[in-house]
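What follows is a single structure, written as structure tokens, with notes after it.
Just so it is clear, none of the values below were taken in a lab; they were calculated from the coordinates. Because the structure is a prediction, the values reported are computed rather than measured. As a convention, Cβ positions derive from the backbone with ideal geometry for all residues, glycine included, and neighbour counts pool all protein chains shown.
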Amino acid sequence: MKIKKTKLSGCFIIEPQVFHDERGYFFESFNQQEFEKGIGRKVHFVQDNQSFSKRGVVRALHYQTREYAQAKLVRVIQGKVLDIAVDLRKESETFGQYTAIELSAENKKQLFIPRGFAHGFLTLSETSEFFYKCDDFYCKEAEGGIIYNDPEIGVDWSFPEDELIISAKDKKLPFLKDAIIDF
């Protein structure tokens, strides 16, 4: 497993070693010891989530506040997405900046997103199945979010705006300057 830093401190790209032969392939998708050694800290995942989305669906930019903040390890099981992590740690040199990576069933890359970040993705393929491990349980009262097209963050979704599919709830999310950020 290769673990690479991103431009955002604490956010890492994980690339597994994939073994191919005439039968197909095998890879270790998660190894607690290797993962913690690679990111330099302990993380205890307690909840796994999975979603299915159609092409053009944007699920973004979400986070949980206060003691319910979540670190996530995300990957794509089927299809292809553009995955986004936004640094919301007010004391960080990269506050308000984002990193983007294409995650797919083919490349098998994963992204580790620490607490203090917003997260979202756009389905680029006809459909996608997205899987993520979380280090805290979901808490509805701690939900937070930022509108996907906030000009201050400037995410380049590289997708036609009129083809994006965004939930009514996500269309009402605030701009970064108005968001409640309490980690």
* Of all the residues that make up segment 113-133, how many are of a type outside the set (Phe, Trp, Tyr), under 23 Å from residue 91 (Cβ atoms) and in a strand (DSSP E or B)? -> 4
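Yes/no per residue for (1) assigned to a loop (DSSP other than H, G, I, E, B); (2) among the charged types (D, E, K, R); (3) over 21 Å from residue 150 (Cβ atoms):
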position: 3; (1), (2), (3): no, no, yes
position: 14; (1), (2), (3): no, no, yes
position: 26; (1), (2), (3): no, no, yes
position: 35; (1), (2), (3): no, no, yes
position: 59; (1), (2), (3): no, yes, no
position: 84; (1), (2), (3): no, no, no
* From the list 112, 131, 137, 95, which one is crowded, with 19+ Cβ neighbours inside 10 Å and either out of contact with any His (no Cβ under 9 Å at 6 or more places or on another chain) or hydroxyl-bearing (Ser, Thr, Tyr) (or both)? -> 112
* Return the only residue of 95, 112, 131, 159 being more than 13 Å from the chain's Cα centre (by Cα), of a type outside the set (Gly, Ala, Ser) and over 19 Å from residue 179 (Cα atoms). => 159
* **Failed criterion for residue 136 (all others in (1) more than 10 Å from the chain's Cα centre (by Cα); (2) in a strand (DSSP E or B); (3) over 20 Å from residue 94 (Cβ atoms) hold)** => (2)
* Asked: Inside segment 159-173, can you point out the residues that are in a loop (DSSP other than H, G, I, E, B) and either in contact with an Asp or Glu (Cβ under 8 Å, 6 or more places away or on another chain) or surrounded by fewer than 14 Cβ atoms within 10 Å (Cβ to Cβ) (or both)?
  -> 160, 167, 172
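For (1) under 18 Å from residue 55 (Cβ atoms); (2) among the aromatic types (Phe, Trp, Tyr); (3) in contact with a Gly (Cβ under 7 Å, 6 or more places away or on another chain), each residue gets a yes or a no:
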| site | (1), (2), (3) |
| --- | --- |
| 103 | yes, no, no |
| 117 | no, yes, no |
| 134 | no, no, no |
| 140 | no, no, no |
| 147 | no, no, no |
| 166 | yes, no, no |
* Tell me, please, whether a residue that is closer than 20 Å to residue 136 by Cα and free of Cβ contacts under 8 Å to residues at least 60 places away in the same chain can be found in segment 14-32. => yes
* Asked: Which condition breaks for residue 30 when tested against (1) on the phi > 0 side of the Ramachandran plot; (2) in contact with a Phe, Trp or Tyr (Cβ under 9 Å, 6 or more places away or on another chain)?
  -> (1)
* The listed residue being more than 21 Å from residue 161 (Cβ to Cβ), buried (at least 21 other Cβ atoms within 10 Å of the Cβ) and of a type outside the set (Val, Ile, Thr), out of 90, 42, 72 -> 72
